[in-house]
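Student: One structure, pasted below without further comment.
Derivation of every value follows stated rules applied to the coordinates shown; laboratory data play no part. Since we're looking at a predicted model, the values are computed, not measured. When we count neighbours, we look across all protein chains shown, and the Cβ atoms used for this are built from the backbone with ideal geometry, even at glycine.
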Amino acid sequence: MADRFRELERPQAGRLKDVVLMATVTGFEGLRHPRRNDLKQFAELFDPLFSASSDEARRQTAAALSQCPHVPQSVALRIGNAPISIAAIFLTRSTSMTDATLIEIIRTQGPAHATAIARRENLSVQVVDALVERRQTGTAPAKQQDEASRPARPDIRLREPASSDPTETRLLREEQLRSDIKNLARTAVTAHAPAAQPGPAIEPINALHEALLVRFARSREANLFAASLAAALSAGPELGERILLDISGQQLATALTALEMPPEDSLFVLSAFYPDLTERHAGTTRGDMLLDSLDLPASRARVQSWLQAEQEEKSGATYQPHLAPDRAADPRQTAARQDASARRLVDARKTRAFGRGR
């Protein structure tokens with residue numbers, strides 16, 4: 001009898017915790033200007049209730065608190081570290097999360113959490129740097145696996161033949177050496193066959209970089225967009241600026257096609273930075289016609305040539321953004337101003353001429 005009563009108790013206890021959690025969240029949302037004591041009390045009550053509630057209740061709680069402007073950071077961190085099915089809406093919409101909380105979630109959780117954070121409307125420079133760092137550290141294991149999967153060099157150690165005749169032994173050793181050299185050459189040709197492709201390899205864009213490009217295009221942040229584009233291409237920041245400075249949009253469309261970005265996102269990005277591509281002609285837009293005129297192999301070959309040219313550049317000058325406040329004078333341009341010695345010489349001549357006049 002007692003066991004039957006316990007079985008009846010368990011589902012009701014679970015529902016009771018869900019109700020208490022939702023009631024606590026509703027009461028906290030009703031506080032327009034919560035005091036410090038209210039925030040502390042809510043943070044202490046929230047953690048055990050959130051851990052003991054069902055997934056549906058936790059999902060509703062995350063959705064409700066995503067619209068609350070004064071969520072304590074301990075509560076925001078607790079929701080942000082929840083599974084992505086629960087924390088996605090909170091990571092994408094909550095305005096109460098600080099940069100420190102977002103960076104901690106990026107560094108401790110998986111790529112799904114980082115992708116949700118990248119879709120936020122307002123991202124600071126520190127959060128963007130953390131997202132790029134998360135992407136770079138996430139690709140390191142893949143590179144190690146590629147290096148581990150490379151074919152091993154064949155063993156060319158000579159085996160001692162069993163014959164005791166010196167002449168026969170020498171002939172057998174020479175024949176064995178020729179056979180090993182042929183096998184080594186065949187293995188080397190097979191291993192280096194993919195490297196014969198011109199230019200560095202271009203990987204398809206991932207969800208994180210795609211979200212960053214769309215987000216920066218929506219807010220018209222050209223500098224951050226160029227940096228994210230360069231990171232997606234595994235290139236230097238100057239290449240991203242050069243691509244974006246092409247006012248026709250041809251280079252950006254080529255880069256997005258080479259990265260295999262979805263057509264709807266590519267069209268949105270092109271229309272954001274080049275409004276003239278939104279003009280309609282023959283039932284379509286100029287942006288659609290530009291993307292339709294590009295194919296993947298040709299775009300990849302062209303972007304690979306850009307990357308190869310960037311690697312071959314051997315310039316000792318350090319890179320500075322085009323709009324840098326302390327940008328040095330371009331040594332390729334002719335001097336437009338006189339130096340100090342020339343100005344002093346001109347001033348001295350004017351002084352002498354003035355004295356003769358008197």
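Student: Kindly identify segment 216-259 as rounded, prolate or oblate by the Cα gyration tensor criterion: order the square roots of the eigenvalues as a ≥ b ≥ c, call it rounded if a/c is under 1.5, otherwise compare a/b with b/c, prolate if a/b is larger, else oblate.
Tutor: The shape class here is rounded.
Student: For each of Leu39, Leu91, count neighbouring Cβ atoms within 10 Å of the residue's Cβ, then give the residues from fewest to most.
Tutor: Leu39, Leu91
Student: I need the phi-derived Karplus couplings for segment 239-246: 6.51 cos²θ - 1.76 cosθ + 1.60, θ = phi - 60°, integer Hz, Gly and Pro marked x.
Tutor: Ordered by residue, 3J(HN,Hα) equals 5, x, 5, 4, 5, 6, 6, 6 Hz.
Student: Decide, for segment 2-139, between rounded, prolate and oblate: order the square roots of the alpha carbon gyration tensor eigenvalues as a ≥ b ≥ c, take rounded if a/c falls under 1.5, and otherwise choose prolate if a/b is larger than b/c, else oblate.
Tutor: oblate
Student: Could you derive backbone 3J(HN,Hα) for segment 259-264 from the dihedral phi with the Karplus parameters 6.51, -1.76 and 1.60 (θ = phi - 60°), listing whole Hz in sequence and x where the residue is Gly or Pro?
Tutor: Computed from phi, the couplings for segment 259-264 are 7, 6, 6, x, x, 5 Hz.
Student: What whole-number distance in Å separates the alpha-carbon centres of segment 250-314 and segment 50-101?
Tutor: 38 Å
Student: A further question follows. Using the number of other C-beta atoms within 10 angstrom as an exposure proxy, rank Lys40, Lys17 with the fewest first.
Tutor: Lys40, Lys17
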